[in-house]
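Encoded as structure tokens, the structure appears first; notes follow it.
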Amino acid sequence: MRELDHGKVVQAICNSTREVFSTMLGMEVEAGESYRQQSVPGANAGVVSLIGLAGDWAGSGGISCSPEFARHISSALLMTEFSSVDEEVLDAVAEVTNMIIGNVKNSLEEDLGPMGLSIPTVIFGRNFTTRSVGNSDWIVVPFQSASEQMKVQICIAPNKTKHSPRPGFANGLALA
Amino acid sequence: MTLDVMIVDDSAAIRKILQRVLRQAEVPIGEVFEAGDGREALGMLETRSVGLILSDINMPNMDGLEFLGQLKASNHLKNVPVVMVTTEGSQMKVMEAVELGAAGYVRKPFTAEQIKEKLTGII
């Protein structure tokens with residue numbers, strides 16, 4: 001079984017996030033120090049967007065940020081001001097997640113083999129907790145843009161079931 | 001001479017951005033029709049004709065590759081050029097799209113220039 005190279009994953013996340021932000025949002029982001037975490041990072045308030053990955057390796061990837069940052073990136077993407085987190089903001093965050101994690105997936109496929117990508121799911125609220133049923137760590141990269149922060153994270157492990165025709169939350173992510 | 005265009009993507013944000021990019025790229029577009037997936041697009045194409053389709057791949061209900069396959073199997077739709085605009089960048093998916101008859105492939109994220117360049121020669 002091929003090994004997951006932490007450095008390559010972090011590099012793929014950094015490259016993809018910078019490219020999506022500069023090309024689609026006209027924004028620069030600065031990556032902070034990456035780390036590993038067991039639960040979905042920052043997932044107790046704000047906006048969390050997740051996409052499933054499935055193939056010989058399976059898992060989830062996503063972004064988490066404050067409602068203010070979600071409105072900010074949506075405004076940059078759609079060139080429209082948003083005063084609240086509405087359907088359009090959630091859709092924009094989902095698409096930014098799709099582009100970031102989709103391009104991370106494209107990079108990782110060179111080492112881990114082909115993977116499918118699910119439709120994104122976006123969660124917005126307060127006082128919620130999330131947990132991963134699987135025991136793999138999340139690789140988290142924080143990014144700073146002006147005074148705001150967001151996190152891009154991915155949790156991926158060898159797929160023991162082999163059959164994942166439609167990727168979902170393949171690592172068993174659950175809302176509690 | 002303007003061209004009616006159909007944009008097929010489950011993200012309303014991307015449909016809006018592509019419309020803006022087409023206008024920025026000075027593509028002479030007429031009416032723009034939007035569909036959220038392949039199934040909806042095929043339904044709309046029963047009563048409308050377009051000169052160009054931009055389609056995502058990863059979509060619910062009917063994905064972009066199945067949509068492309070059905071379109072190319074249809075006598076009255078097979079000549080409409082389809083450009084895939086998608087995050088999906090694996091060689092396997094690109095090859096599949098080309099074999100099914102895609103006229104072009106643009107990876108997200110994209111610039112207006114990339115879209116314009118891809119459409120030059122197609123329309």
Mind listing just one residue for me: the one in region B:5-39 that is away from chain A (no Cβ under 14 Å) and crowded, with 22+ Cβ neighbours inside 10 Å and, of those, farthest from the chain's Cα centre (by Cα)?
B:Leu22
Condition (residue is within 13 Å of the chain's Cα centre (by Cα), closer than 19 Å to B:Gly38 by Cβ and of a type outside the set (A, V, I, L, M)) applied to region B:110-120: is it met by at least one residue?
no
Determine, yes or no, whether A:Ala92 is assigned to a helix (DSSP H, G or I), surrounded by 15 or more Cβ atoms within 10 Å (Cβ to Cβ), without any contact (Cβ under 8 Å) to a residue 24 or more places away in the chain and among the aliphatic types (A, V, I, L, M).
yes
Taking region A:78-103 as the region of interest, how many residues are small (Gly, Ala, Ser) and either closer than 23 Å to B:Val85 by Cα or in contact with a Ser or Thr (Cβ under 9 Å, 6 or more places away or on another chain) (or both)?
3
Meets criteria (farther than 19 Å from A:Ser66 by Cα, surrounded by fewer than 19 Cβ atoms within 10 Å (Cβ to Cβ), aliphatic (A, V, I, L, M) and modelled with pLDDT of 75 or more) for A:Ala157:
yes
Where residues in region A:67-81 are touching an Asp or Glu at 6+ places or on another chain (Cβ under 7 Å) and more than 10 Å from chain B (Cβ to nearest Cβ), which of them is surrounded by the fewest Cβ atoms within 10 Å (Cβ to Cβ)?
A:Glu68
The number of residues in region B:81-107 that are touching a strand residue (DSSP E or B) at 6+ places or on another chain (Cβ under 6 Å) and not small (Gly, Ala, Ser) is 8
For region B:94-111, check the following and say yes or no: at least one residue is at pLDDT below 95, surrounded by fewer than 17 Cβ atoms within 10 Å (Cβ to Cβ) and closer than 25 Å to A:Glu19 by Cα.
yes
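Tell me the residue from A:Glu33, A:Glu19, A:Glu3 that is in contact with a Pro (Cβ under 8 Å, 6 or more places away or on another chain) and away from chain B (no Cβ under 14 Å), please. Step through it out loud before you land on a result.
Values: A:Glu19 fails: away from chain B (no Cβ under 14 Å); A:Glu3 fails: in contact with a Pro (Cβ under 8 Å, 6 or more places away or on another chain).
Every option except A:Glu33 fails the conditions.
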Does any residue of region A:122-134 turn out to be within 14 Å of chain B (Cβ to nearest Cβ) and either assigned to a strand (DSSP E or B) or modelled with pLDDT under 95 (or both)?
yes
Mind checking which residues of region A:125-145 are in contact with a Ser or Thr (Cβ under 9 Å, 6 or more places away or on another chain) and closer than 24 Å to A:Leu78 by Cα?
A:Pro142, A:Phe143
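Each row is one residue, and each column tells you yes or no for (1) in contact (Cβ under 8 Å) with a residue 60 or more places away in the chain; (2) not acidic (Asp, Glu).
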| position | (1), (2) |
| --- | --- |
| B:Glu26 | yes, no |
| B:Gly30 | no, yes |
| B:Glu40 | no, no |
| B:Asn79 | no, yes |
Which fully enclosed helices (runs of 4 or more DSSP H) of region B:24-122 have 2 or more residues being of a type in the set (Val, Ile, Thr)?
B:91-100
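The values are calculated or read from the model by the stated rules, or taken from the named source; none is laboratory data. Note that this is a predicted model, so its numbers are computed, not measured. Cβ coordinates were reconstructed from backbone atoms using ideal geometry, including for glycine residues, and neighbour counts include every protein chain displayed.
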